[in-house]
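In what follows, a structure is listed as structure tokens, so that the remarks can point back to it.
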Amino acid sequence: MNEVTLEKMGRLRLYGMQSSFRAILESKTSGQFTIDQMLATLVEAEWEEQENRKTDRLVKNAGFRYPASLEEIDYSHPRNLDRNQVLRLVDCNYLERAENVLVTGATGLGKSYLISALGYQACLMGYKVLYRNTQKLFNALRINKVDGSYMKEIKRIEKQDLLILDDFGLQPLDNISSLTLMEIIEDRFAKKSIIIGSQLPLEKWYDIITEKTVADAILDRLLNASHKITLKGDSLRRKKR
């Protein structure tokens, strides 16, 4: 009967429950459980399994460049990174308030790792995240305009709880890219959050947007209700070498 039960659990895709029940049977401890204890144990195992699968799916769909964790951030290296400021972002309440996070600093200071770690944390909390290199995103959206899939992709971006744009400002934004960025930010303003990583200080962002009236609108929306993290100091990469 137990083998039949295990088989049915597998067919129902109750893999957490199946694994837990098999472990209990193999350990010959089933007699130590009351009916309600056994049920609670199996349900808890299935809950954890489904939560883990959900997190794995969210992380895969996000498209992070590499894995990162807030627990592994190095605060010992002097780079103007405030541990308390980062810890205030751990609970992801800023996403509920539709606040942005703007991370700036020279190359090698760990901007991409930090914003990826914030993205991973959001996935752990059950939020939908999309991580993209800024220039690659705009290039892809240009192609989407040609093949007719532009609005579909814009809608997909809009549905994400958190949009992460890395390497913002490596190249000036022409009129088309500026208007695309404006459209994305306008769709998310006061509704969804954006995290941006850039080598350029905030005061130079205006200069890289060709259309100045659009630049005013973009920066007004980005800077409104945002957490600003400015990294300074020597490169972490140089330290590791």
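Collect the residues in the range 90-132 that are without any contact (Cβ under 8 Å) to a residue 40 or more places away in the chain and not β-branched (Val, Ile, Thr), keeping them in residue-number order. Spell out the reasoning first.
Filtering the range 90-132 down to residues without any contact (Cβ under 8 Å) to a residue 40 or more places away in the chain leaves 90-93, 96, 125.
Result: Asp91, Cys92, Asn93, Glu96, Met125.
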Item to complete: Output the number of the condition that His77 fails; it satisfies all remaining conditions of (1) under 21 Å from the mean Cα position of the chain (by Cα); (2) surrounded by 13 or more Cβ atoms within 10 Å (Cβ to Cβ); (3) outside any helix (DSSP H, G or I).
Response: (1)
Practice prompt. Return the only residue of Ser198, Ser235, Ser177 being over 21 Å from Leu89 (Cα atoms) and surrounded by 20 or more Cβ atoms within 10 Å (Cβ to Cβ).
Written response: Ser177
Practice prompt. Scan Glu96, Glu44 and give me the residue that is out of contact with any Pro (no Cβ under 9 Å at 6 or more places or on another chain), outside the structural domain of Gln160 (by TED's automatic domain parsing) and surrounded by fewer than 15 Cβ atoms within 10 Å (Cβ to Cβ).
Written response: Glu44
Response to the item:
All conditions in (1) buried (at least 20 other Cβ atoms within 10 Å of the Cβ); (2) more than 21 Å from Thr180 (Cβ to Cβ); (3) hydroxyl-bearing (Ser, Thr, Tyr) are true of Tyr127 except (1)
Worksheet item: Would a scan of the range 101-119 turn up a residue that is of a type in the set (A, V, I, L, M, F, W, C), surrounded by fewer than 21 Cβ atoms within 10 Å (Cβ to Cβ), in the same structural domain as Gln199 (by TED's automatic domain parsing) and out of contact with any helix residue (DSSP H, G or I) (no Cβ under 9 Å at 6 or more places or on another chain)?
Response: yes
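If you scan the range 80-125, which residues turn out to be assigned to a helix (DSSP H, G or I), among the charged types (D, E, K, R) and more than 23 Å from Ile185 (Cα to Cα)? Show your work before the answer.
Going residue by residue through the range 80-125, those that are assigned to a helix (DSSP H, G or I) are 83-87, 93-96, 111-124.
Cutting the leftovers down to among the charged types (D, E, K, R) gives us 83, 96, 111.
Once the filter is applied, which keeps residues that are assigned to a helix (DSSP H, G or I), among the charged types (D, E, K, R) and more than 23 Å from Ile185 (Cα to Cα), the range 80-125 yields only Arg83.
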Discussion item. Taking the conditions exactly as written (aliphatic (A, V, I, L, M) and assigned to a strand (DSSP E or B)), does Leu130 satisfy them or not?
Written reply: yes
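In the list Ile185, Ile164, which residue meets the criterion of being touching a Phe, Trp or Tyr at 6+ places or on another chain (Cβ under 8 Å), at negative phi and not charged (D, E, K, R)?
Ile164
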Worksheet entry | Asp147 being surrounded by fewer than 19 Cβ atoms within 10 Å (Cβ to Cβ) and without any contact (Cβ under 8 Å) to a residue 12 or more places away in the chain | yes
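Would you call Gln85 of a type in the set (S, T, N, Q), over 18 Å from Leu163 (Cβ atoms) and exposed (fewer than 14 other Cβ atoms within 10 Å of the Cβ)?
Numbers: of a type in the set (S, T, N, Q): yes; over 18 Å from Leu163 (Cβ atoms): yes; exposed (fewer than 14 other Cβ atoms within 10 Å of the Cβ): yes.
Considered against the rule, which asks whether it is of a type in the set (S, T, N, Q), over 18 Å from Leu163 (Cβ atoms) and exposed (fewer than 14 other Cβ atoms within 10 Å of the Cβ), Gln85 comes out as yes.
The values are calculated or read from the model by the stated rules, or taken from the named source; none is laboratory data. In this text, all values refer to a predicted model and were calculated from it rather than measured experimentally. Glycine gets a Cβ as well: all are built from the backbone with ideal geometry, and neighbour counts include every protein chain shown.
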